[in-house]
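The values are calculated or read from the model by the stated rules, or taken from the named source; none is laboratory data. The structure displayed is predicted, hence computed values, not measured ones. Heads up, the Cβs are rebuilt from the backbone with ideal geometry, glycines too, and the neighbour counts pull from every protein chain shown. Heavy atoms of the whole protein, side chains included, go into the accessibility calculation; ligands, DNA and RNA do not. Shrake-Rupley method; radii C 1.70, N 1.55, O 1.52, S 1.80 Å.
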Amino acid sequence: MDYEAFFSDHLDRLRDEGRYRVFAELERIAGAFPRARLHREGQSTRDVTVWCSNDYLAMGQHPAVIEAMQAAIGAQGSGAGGTRNISGTNTLHAALERELAHLHGKEAALVFTSGYVANETTLQTLGAMLPGCEIYSDSFNHASMIAGIRHSGAARKIFRHNDAAHLEELLAAADPAKPKIVAFESVYSMDGDISPIAEICRVAHRHGALTYLDEVHAVGMYGARGAGVAERDGAAAEVDIVQGTLAKAFGVVGGYIASTAATVDFIRSCGTGFIFTTSLPPAIAAAALASVRHVTAHPELRVRHQERAATLKRRLAAAGLPVMPSVTHIVPVAVGDAALCKQASDLLLDRHAIYVQPINYPTVPRGTERLRLTPTPLHGDEDMARLVAALTDVWQTLGLGRRAAAE
């Protein structure tokens, strides 16, 4: 087989469809978020405004987080030294896990190298080791959850997105004696919609199923203490296993689960994705710990964040731009074509120094391509005015669909 030809042909097809992914090489500037420097080969650097970061609260550049990381590096060096079992469990890992368990009101927590690994490892381990396990998965679940479920070998049932009645129908037809897990998310990050957590948990528990809730796009940003949508909606106690990330609202990197002591210890002891992975550097754990503590203690961050998202939605609608319905901080703007979506992104960057990555298939279904905006507490009114003007110009240039301006 001509491997190089196969690879090249596939990449050519991606380019022809407008789905070839080009990474913007950014240099973040501490203290200047949402500004960054764009680097391009053969060109001088250029300052741009980032409108698609998952650093939702700008904690990645908060002085408390930076200071904690620097102090840990100075005291302990760079790496952890091994897996958690082989010299890699640090006092900072243990402190972070206690803090995360406290945040979610659970007995214990376990930190992974990423949210993807947390989802994949936990669902794979549970599905493989619970005898005859069946996993019921929301049709919009993240790729990491799908990977864990598939690799577990467990029977997989898909229920319609956020449809508790369909879940009830599937569970009612199942063998009551078989162990079951219902896996779903709180905030779905491409559309910005929220699941009916309490209702799904009631249905699951009525049929003897464990509930597994991915809160990666909600931790830090919802609830009185930032524990997520389940906390905000008074449903945290109904969630058996909660999974979160340290890489979004907390601005660092890593993932985690929180649950009962026995559940967490079971995953710690049996999950190969945890057992055989070198643990996070102590400096990362220190930064995450400082961030969790700060975000938990400062609800005004969440208030400002929600206000910024609501304000941007109003301004986009007032300009007649096709902002998609969203009840969260995710602000998607519909394009509906992969090539045009990339062109819109390129024009925003080249003409207006605004960086928004195009969202194309397979991240979203074909025909639903969009620009995904993520306003943060540090995006000011002038930033929003520039963004709306830039989008209006791009929409006119490309002849994209507009809506009647909102009153």
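The figures follow:
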{"quantity": "Only Lys, Arg (+1) and Asp, Glu (-1) charged, at Cβ; region 179-302 dipole about Cα centre in debye", "calculated": "280"}
{"quantity": "Diffusion coefficient, µm² s⁻¹, Stokes-Einstein with Kirkwood Rh over alpha-carbon pairs of region 259-367 at 37 °C and 0.692 mPa s", "calculated": "179"}
{"quantity": "Gyration tensor (alpha-carbon) shape descriptor, region 50-187, a/c threshold 1.5", "calculated": "prolate"}
{"quantity": "Using a Förster distance of 25 Å, the FRET efficiency for GLU300-VAL388 (Cβ separation, nearest 0.05)", "calculated": "0.45"}
{"quantity": "Relative packing of peptides 310-317, 106-113 - highest average C-beta neighbours within 10 Å first", "calculated": "106-113, 310-317"}
{"quantity": "For the chain: accessible area per residue (Å², 1.4 Å)", "calculated": "43"}
{"quantity": "Full-stretch length increase - GLU107, ARG402 - with 0.36 nm per residue and alpha-carbon distance subtracted", "calculated": "101.1 nm"}
{"quantity": "Rounded to whole Hz, the Karplus (6.51, -1.76, 1.60) HN-Hα couplings of region 245-253, x for glycine and proline", "calculated": "10, 9, 9, 10, 4, 8, x, 10, 6"}
{"quantity": "Long-range amide H partners of ASP214 with built H, under 5 Å", "calculated": "PHE184, GLU185, SER186, GLN243"}
{"quantity": "Two-site FRET efficiency, ARG46 against GLU4, from Cβ-Cβ distance with R₀ of 41 Å, rounded to 0.05", "calculated": "0.75"}
{"quantity": "Relative contact order of region 31-152, pairs being alpha-carbon contacts under 8 Å that are 6 or more residues apart, as %", "calculated": "14"}
{"quantity": "Tensor-based shape of region 297-345 (alpha-carbon gyration tensor, a/c under 1.5 rounded, otherwise prolate or oblate)", "calculated": "prolate"}
{"quantity": "Kirkwood Rh, angstrom, region 151-291 [1 / mean 1/r, Cα pairs]", "calculated": "16.3"}
{"quantity": "Region 208-291 shape via C-alpha gyration tensor axes, a/c threshold 1.5", "calculated": "oblate"}
{"quantity": "Accessible surface of the chain, 1.4 Å probe, proportion on carbon and sulfur as whole %", "calculated": "55"}
{"quantity": "ARG366/ALA71 FRET efficiency (R0 35 Å; Cβ-Cβ; nearest 0.05)", "calculated": "0.15"}
{"quantity": "Amide proton proximity set for ALA247, modelled H, under 5 Å, gap of 5+", "calculated": "VAL252, GLY254"}
{"quantity": "Accessible-area order (highest first, 1.4 angstrom probe) of the listed residues ARG304, ARG225, ARG366", "calculated": "ARG366, ARG304, ARG225"}
{"quantity": "Relative contact order computed over region 130-174 (Cα-Cα under 8 Å; 6+ residues apart), in percent", "calculated": "42"}
{"quantity": "Distance (nanometres) between label positions extended 7 Å along Cα→Cβ at ARG202 and ALA24", "calculated": "4.4"}
{"quantity": "Lys, Arg +1 and Asp, Glu -1 on Cβ, resulting dipole of the chain about Cα centre, debye, nearest 20", "calculated": "380"}
{"quantity": "Relative contact order (%) - criterion: Cα under 8 Å, at least six apart; region: the chain", "calculated": "21"}
